[in-house]
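Report on the following structure.
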Amino acid sequence: MMFLAVIFLFTPMITAQSSVEDRSCKHVTNNQNITVVAPTGQKGEKGDPGPSGYCGTKGDMRPSCPPVVVFSAARTLALDAPDGNKVVTYDNVYVNVGGAYNKSSGKFVAPVAGIYSFTFNGMTRSITSASYWIALIQNDLPRATLWEDNGATGSVLASSNTVILQLAVGDEVFVELRQGKFLNSNFNRHVTYSGFLIHAD
């Protein structure tokens with residue numbers, strides 16, 4: 001005897017409901033998923049602020065720009081010192097950034113502590129046995145000197161010197177003509193004095 005088996009397959013029933021409240025939207029429901037399509041609602045009220053975040057670690061302080069100190073000046077007149085040592089002044093100032101050079105006194109006064117470079121020079125007259133002797137002075141201490149003597153030649157002799165000094169605030173640096181000597185210069189500005197800050201402490 002043969003038996004015939006009949007298998008019934010059942011599929012989920014899908015139901016759909018349509019909303020008639022607004023033709024622009026449709027609400028479809030089945031036993032697998034829910035999809036809602038609707039226009040955007042009104043904007044809600046602003047919520048309360050959230051809690052503050054954690055404080056970060058303090059960063060390194062940005063270094064400030066180093067100061068700029070530089071001057072350059074020339075003398076347009078000859079100078080002699082018959083009665084004693086004399087500070088050389090320079091009447092033609094080319095540059096004086098930082099205002100550390102005093103034209104009236106001829107002295108440079110350090111506005112900041114640090115390492116400075118100074119250059120100075122001198123020249124003799126064009127007569128026999130002409131000589132000059134000048135020194136670069138830091139406060140009361142000679143740091144470098146220049147000396148020339150043309151002897152019987154009558155030639156004009158000139159020389160220069162450069163010195164690097166460690167200065168404190170308020171230190172004075174100037175050129176001094178020694179007693180009994182003569183420093184030659186004129187409108188051609190043969191005699192000059194200059195300096196600048198290399199590194200601030």
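Extension gain, residue 76-residue 163: 0.36 nm per intervening residue step, less the Cα-Cα distance, totals 29.0 nm.
Multiplying the residue separation of residue 65 and residue 129 by 0.36 nm and subtracting their alpha-carbon distance yields 17.9 nm.
Setting aside same-chain residues fewer than 8 positions from residue 107, which aspartates and glutamates have a Cα under 20 Å from its Cα? The qualifying aspartates and glutamates are 80, 91, 140, 171, 172, 176.
For the pair residue 153 and residue 91, a Förster radius of 22 Å applied to the C-beta separation gives a FRET efficiency near 0.15, rounded to the nearest 0.05. Projecting label points 7 angstrom from Cα along Cα→Cβ for residue 83 and residue 43 puts them 9.0 nm apart. Solvent-accessible surface of segment 53-160, averaged per residue with a 1.4 angstrom probe and all protein chains in place: 58 square angstrom.
In summary, the lysines within cross-link reach of residue 103, defined as a Cα separation below 30 angstrom excluding same-chain residues under 8 places away, comprise 86, 181.
How large a share of the accessible area of segment 80-157, in percent, is made up of carbon and sulfur atoms when the probe is 1.4 Å and the other protein chains stay in place?
Solvent-exposed carbon and sulfur of segment 80-157 make up 51 percent of the total.
With +1 on the Cβ of every Lys and Arg and -1 on the Cβ of every Asp and Glu, and nothing else charged, how large is the dipole of segment 141-201 about its Cα centre, in debye rounded to the nearest 20?
With Lys and Arg at +1 and Asp and Glu at -1, about 200 debye.
Can you tell me, using C-alpha contacts under 8 Å and at least 6 residues apart, the relative contact order of segment 50-201 as a whole percent?
35 percent
The values are calculated or read from the model by the stated rules, or taken from the named source; none is laboratory data. Please read all numbers here as calculations on a predicted model, not as lab measurements. Glycine gets a Cβ as well: all are built from the backbone with ideal geometry, and neighbour counts include every protein chain shown. Keep in mind that these areas ignore ligands, DNA and RNA; they rest on the heavy atoms of the full protein, side chains included. Shrake-Rupley method; radii C 1.70, N 1.55, O 1.52, S 1.80 Å.
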